[in-house]
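Report on the structure given below.
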Amino acid sequence: MRNDTIPGILGQELFVQYAARWLEAVESADPAVLQRSFETAGPDGQPRRLRACHFRLRHIIQLVSVVGAAHIKASFVLVPTPAPDGLPRFTLVLSASNALGARVSSYYLAEPYELPAEEAELALGPDEAATLALGALPAVLGREWARHWRQAPRIEPALFASAYGYLRGYSFELSDFVAVLAGVQNPEAGGLVLHFGLHEYYRPDPVAGDSLGRLFGLLLQLRGADKGRPGGDGDDPGYNMGHPCPPDC
């Protein structure tokens, strides 16, 4: 499964294999394949929809420390799991690339992560207009996108279909990840959570005219980190400054 020599690092061969599995699922004629890849067993044994992925702060610090890096790419993959059904599950892989788009880091695999069951909404802090760092989102946006994801009747290929084809991931500016780390005191505490969301908007359709569409997106949020702020709980506003791949791969 993983590159067991270095925990959390995925080798090139496995990355190619897992990324291909993602495309097979989203292009599958059987919609249940994609649906099940976003499910995990809840405490009651019933399927629960995946809502986020998690990366250690130490790994994020390593990624933004890569000399020559200009972008951080979040790639979509399906990885095998020890689940009883034996089906692969969706997760994310991060890597750094230079200004020409060439990869300049290893592949960092997300760790299993489940938001607390009682957390009904994305935690974006009490200030609806919080702008603690570059590009911070008003809470209403993050909550809307996260709510659309939670409440979607089913996970289907149309949610990942852009004008350029099926999504394979998102590309972020390196500065987006650096901004998230601003003020962190303890790199061993907390982590970076990438929440799943759905952007809902009207878009042109050559056949049906303007129609309401939805597209899967990611929200970056630092959670549980010691930021040295009096009274701070370490949860920062969400960010969504990524560019879809394709076309920006």
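Some observations on this one:
- Qualifying residues in the range 79-112 (those that are among the small types (Gly, Ala, Ser) and in a loop (DSSP other than H, G, I, E, B)) - the one modelled with the lowest pLDDT: 83
- Leading residue by the ranking (nearest to residue 72 (Cα to Cα)) among those in the range 142-173 that are of a type in the set (D, E, K, R) and assigned to a loop (DSSP other than H, G, I, E, B): 168
- Residue check for residue 54: buried (at least 21 other Cβ atoms within 10 Å of the Cβ) and in contact (Cβ under 8 Å) with a residue 12 or more places away in the chain: no
- The lone criterion from (1) in contact with an Asp or Glu (Cβ under 8 Å, 6 or more places away or on another chain); (2) part of a loop (DSSP other than H, G, I, E, B); (3) within 19 Å of residue 165 (Cα to Cα); (4) not basic (Lys, Arg) left unmet by residue 208 is number (1).
- Pairs are defined by a Cβ separation below 9 Å, a sequence spacing of at least 6 or placement on different chains, a first member in the range 161-175 that is under 16 Å from residue 24 (Cβ atoms), and a second member that is of a type in the set (Ser, Thr, Tyr); the pairs so defined are 168/75; 169/75.
- Selection count, the range 58-78, where residues are outside any loop (DSSP other than H, G, I, E, B) and in contact with a Ser or Thr (Cβ under 8 Å, 6 or more places away or on another chain): 9
- Taken as a whole, the structure places residue 215 among residues that are touching a Pro at 6+ places or on another chain (Cβ under 9 Å) and either more than 17 Å from residue 110 (Cα to Cα) or modelled with pLDDT under 85 (or both).
- Residues that are modelled with pLDDT of 95 or more and buried (at least 16 other Cβ atoms within 10 Å of the Cβ) are absent from the range 118-126.
The values are calculated or read from the model by the stated rules, or taken from the named source; none is laboratory data. The shown structure was predicted, so the numbers you read here are calculated from the model rather than taken from an experiment. We place every Cβ from the backbone using ideal geometry, glycine too, and count neighbours over all the protein chains shown.
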